[in-house]
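Asks: Just passing along the structure, written as structure tokens.
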Ligand SMILES: Cc1ncc(COP(=O)(O)O)c(C=O)c1O
């Protein structure tokens, strides 16, 4: 049964990655053991981890003075780790959606947290201008892609203070200049792998800024010193991430990925824009190329469209409960054929 998976995360992964990781569950690299039963301290796994780290470095052209980590748990851990590790007295935040709000709430537990830009006034349907960044803040935190509201930063502010970015839902979907950031973090379960791990890229000079009572396991420095092996890491999740990273490299890297993602997004946005039944609530310049949010005014028609999609094995397009409507997540692994299938379904439904 062919399913078109537009889920927001955990989400679609490349078919060949699923097949390779399934093979690794049965017999990992001809070791006679499953990836599920090898030691994280074994040479077998260290090779996987080191390949994953070096592929992230290669794909994103990560400068020498940054470290790449694969840690346990999702992006939400960094909402609390970031202020504990980087805030001396004051932090600045951009409030551009639900995830940003959660990050702000955690930061408030640890010190002076200034929300310097917000789009809460219009239910996060645009990205707020980032101006007047306080020079005395220890960092500025932003969210590159707002998974729930469907907005995405197309460029990043130039600051004198470290820029910290939650890239969970558009990590590795396009090239970014890592040297613009003090730190990048992302949960794996959108573009990179299964849930259970998150990826961190952090600049060397920020590692010693943690607050004195920060628990050992919550210090980035601990994980840098242990090459992500301070405690047992999520072995299987990291293995699958490594396979996805290989797939990305084979595809031609992030420039090639970006070109495909742009095509997919344009195909879907053009179809929705030219169709009067559907609305696109997000300001055009800020639309996400990963999560396409759209609505229908008529509640009955909204339900009918969801049922119609279900009948065609189009799954995961119900909008987040805080927004309603629909959300088609078109992450890296979603083939353009699936986007075309949705576009055809939209046309067929409209013509009924
Ligand atoms: C942008 C963003 N940040 C953070 C999170 C939270 O991630 P996790 O569930 O891995 O903690 C999500 C989850 O969807 C997200 O989309």
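None of the figures in this text is laboratory data; all of them are computed from the coordinates on show. Since the structure is predicted, the reported quantities are computational estimates derived from the model, not experimental observations. Don't worry about glycine lacking a Cβ; one is built from the backbone with ideal geometry, like all the others, and counts go over all protein chains shown.
Asks: With only alpha-carbon pairs counted, each pair once and no self-pairs, how large is the Kirkwood hydrodynamic radius of the chain in angstroms? Numbers along the way, then the final one.
Replies: Details: mean 1/r = 0.0475 Å⁻¹.
Roughly 21.0 Å, rounded to one decimal.
Asks: Along the principal axes of its C-alpha atoms, what lengths does segment 93-227 span, in descending order and rounded to whole Å?
Replies: 43, 36, 26
Asks: Please compute the contact order of segment 253-351 in relative form: average sequence separation of alpha-carbon pairs under 8 Å and at least six residues apart, divided by the residue count, as a percent. Spell out each step's value before the answer.
Replies: Numbers: 100 pairs, mean separation 30.4, N = 99.
Relative contact order here is 31 percent.
Asks: Using the number of other C-beta atoms within 10 angstrom as an exposure proxy, rank 203, 287 with the fewest first. Could the numbers behind the result be given before it?
Replies: On the way: 203 17, 287 21.
If I rank by nearby Cβ atoms, fewest first, I get 203, 287.
Asks: Further question on the same structure: Mean shadow of segment 28-172, computed from the convex hull of its alpha carbons, in nm²? Could you put the intermediate results ahead of the total?
Replies: Values: hull surface 43.1 nm².
Its average projected convex-hull area is 10.8 nm².
Asks: Suppose we take every Cα in segment 151-241 and form the convex hull; what volume per residue is that in Å³? Each step should come with its number before you reach the end.
Replies: Numbers: hull volume 10.9 nm³, N = 91.
It is 120 Å³ per residue.
Asks: Which three extents, in whole angstrom, do the alpha-carbon atoms of segment 253-351 cover along their principal axes, largest first?
Replies: 43, 28, 25
Asks: Translational D (Stokes-Einstein, µm²/s) of segment 1-49 at 20 °C and 1.002 mPa s when Rh comes from the Kirkwood sum over C-alpha pairs?
Replies: Details: Rh = 12.5 Å.
Taking Rh from Cα pairs, D becomes 171 µm²/s.
Asks: While we're on this one: Using only the C-alpha atoms of segment 295-352, find the volume of their convex hull and express it per residue in Å³.
Replies: Numbers: hull volume 4.8 nm³, N = 58.
Taking only Cα atoms, segment 295-352 has a hull volume of 83 Å³ per residue.
Asks: Using the per-residue mean of other Cβ atoms lying within 10 Å as a proxy for protection, in what order, highest first, do the peptides 166-176, 258-268, 300-310, 79-89 fall? Kindly include the intermediate steps, with their values, before the conclusion.
Replies: Details: 166-176: 24.9, 258-268: 16.9, 300-310: 15.0, 79-89: 21.0.
Top of the packing list down: 166-176, 79-89, 258-268, 300-310.
Asks: A further question on this structure: What is the packing order of peptides 194-202, 231-239, taking the mean over residues of other C-beta atoms within 10 Å and listing the highest first? Display every interim value, and only then the final one.
Replies: Numbers: 194-202: 23.3, 231-239: 20.3.
Result, highest mean Cβ count within 10 Å first: 194-202, 231-239.
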